[in-house]
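A quick write-up on the structure given underneath.
The values are calculated or read from the model by the stated rules, or taken from the named source; none is laboratory data. In this text, all values refer to a predicted model and were calculated from it rather than measured experimentally. Glycine gets a Cβ as well: all are built from the backbone with ideal geometry, and neighbour counts include every protein chain shown. The area values use the complete protein model at the heavy-atom level, side chains included, leaving out ligands, DNA and RNA. Shrake-Rupley method; radii C 1.70, N 1.55, O 1.52, S 1.80 Å.
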Amino acid sequence: MRYVKDGDNSNLRDILFNEQKGFCSYTETYLGRTDQKDIDHFNPSQDFRERNNYPNLFLCKSQWNKEKSNKWKQFQPVLSPLNDDFNDRISYNKDLKLFEATDENDIDAKNLVKLLKLDDYDLSIERKRYIELCNELIKHYENPTVYFQKVVQNNVNELKFIRSLEVEFGIDIWNMIPQPQK
């Protein structure tokens, strides 16, 4: 599977949407019907053939793609989201409600955090408010798992910040989310 410059990439977009269960690969917010969805070439500096190969492609909200592409060169070297140790090298800070390099000496991880704005202040405030809302709503359910099962079942497009929620509540939300229906 490859990206075709100036071609019809709707099939590729659908495959990425399904693989990502409908969520932006960078913000972990749902890619709704009215969101402009971009196929991002994670490493835009690779040669043309490599740049357009499937492993280098992610579906994301247009704004995040634009912001990332304008600053790629200043954040090199960068950790690839496909690295086997990605989850060990990028961790969620529960106090600050943002992501950071697990090891402060890991330049590649620190650069990825900056490149993708995983430490974005405004996003951390939005994340904090969403987690507070979830905490409040969970009180009306047997436990967090039951609450998130209901959210996934009834309104998955309102779910966001999945990895943060998994850390905050100690549950596996990603595997609760079904593949999107056409």
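Only DSSP H runs of four or more residues enter the estimate; each adds -39500 (n - 2.57), and after division by the residues of the chain the mean residue ellipticity at 222 nm equals -11500 deg cm²/dmol. A cut-off under 12 angstrom between Cβ atoms defines the neighbours of Asp85, and their net charge, with Lys, Arg +1 and Asp, Glu -1, is -4. Charge dipole (Cα centre; +1 on Lys/Arg Cβ, -1 on Asp/Glu Cβ; no other charges) of region 1-106 amounts to roughly 500 debye.
When the charge dipole of region 66-172 is built from unit charges on Cβ atoms (+1 for Lys and Arg, -1 for Asp and Glu) and taken about the Cα centre, the candidate among Val151, Tyr141, Asn83 whose Cα reaches farthest toward its positive end is Val151.
Checking (i) 28, 21, 13; (ii) 48, 15, 12; (iii) 58, 19, 15 against the coordinates, the calculated semi-axes √(5λ) of the Cα gyration tensor in Å falls under label (i). What's the carbon and sulfur percent of region 36-182's accessible surface, probe 1.4 angstrom, rounded to a whole number? Ligands and nucleic acids excluded, carbon and sulfur give 46 percent. Of Lys61/Lys110; Lys68/Lys114; Lys117/Lys139; Lys71/Lys117; Lys71/Lys114, which pairs sit farther than 20 Å apart, going by alpha carbon to alpha carbon? Listed pairs above 20 Å: Lys61/Lys110; Lys117/Lys139. The protection proxy used here, the mean number of other Cβ atoms lying within 10 Å of each residue, ranks peptides 160-171, 78-89 as follows, highest first: 160-171, 78-89.
Over all other residues within a Cβ to Cβ distance under 9 Å of Ser62, the charged ones net out to +1, with Lys and Arg as +1 and Asp and Glu as -1.
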